[in-house]
């Protein structure tokens with residue numbers, strides 16, 4: 001279920017619906033860039049066999065902010081996947097190029113020399129608007145419009161936007177504790193939902209927050225095949241830091257304990273458990 005076309009859009013692609021504190025309508029457009037690193041360690045077990053699936057993703061993205069609107073742009077994606085300890089994927093993508101490493105050999109395809117299908121993917125996924133959010137005065141999302149081109153269709157449909165929403169919940173200034181609706185993509189169009197709680201945990205001027213909550217999905221039928229994911233649970237714990245001067249969340253780290261079962265009709269065929277460690281940092285302004 002992990003993670004790039006198609007694995008990139010699995011468990012590592014997490015989504016929290018609300019965004020951070022909004023700007024005033026009089027604000028000029030501001031660009032803020034961020035990095036999310038996702039380290040997934042999952043064990044899939046049948047009655048007789050266990051498989052280890054590890055995936056590391058690095059997603060660089062930019063939010064353009066003007067008034068109560070935010071526009072999402074992806075800068076680059078790096079994905080590494082190991083199956084039972086053996087690397088099965090090591091891929092980097094940006095607007096400029098596609099690079100794939102196999103057996104310590106890296107092959108790069110520059111955008112200008114890419115075949116049409118790959119060129120369409122790079123053009124529509126990177127350095128181009130993917131979606132726009134409208135926020136209310138408290139910073140909660142009130143409207144989302146996907147504006148990505150057709151080349152980004154497969155990524156968008158499978159939850160790629162989630163990566164850029166992970167560490168941007170609403171910031172309720174003056175409150176020591178609040179909760180916000182959240183959802184995590186399970187891949188293939190499925191989402192586990194619930195609420196996450198944010199509670200002041202110290203830091204300068206009380207801007208460090210403890211994060212906790214459980215997101216779940218009782219049952220989700222995979223669209224391509226007979227399998228169903230059941231009893232999916234994502235237990236979230238960690239911390240985030242907010243900078244009121246920038247009106248942005250600027251750093252954080254979350255641990256997500258994952259478990260679910262896979263069934264074929266009434267028959268249990270596998271179970272899975274593991275962790276996703278998500279790290280977040282605001283990047284220096286681009287020159």
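A few notes on this one:
- Spatially, the range 193-272 and the range 55-77 are offset by 20 Å when compared through their Cα centroids.
- Sorting 44-51, 175-182, 122-129 by their mean Cβ neighbour count within 10 Å, with the most densely packed peptide first, gives 122-129, 175-182, 44-51.
- Distance between modelled label sites at residue 283 and residue 48, nm, 7 Å Cα→Cβ extension: 4.8
- Nearest-0.05 FRET efficiency for residue 132 and residue 235, computed from C-beta distance (R0 25 Å): 0.20
- Orientation-averaged projected area, Cα convex hull of the range 61-147 (nm²): 7.8
Coordinate-derived values only; no laboratory data. This structure is a prediction, so every number in the text was calculated from the model and none was measured. Note that we place each Cβ from the backbone using ideal geometry, even for glycine, and neighbour counts take in every protein chain shown.
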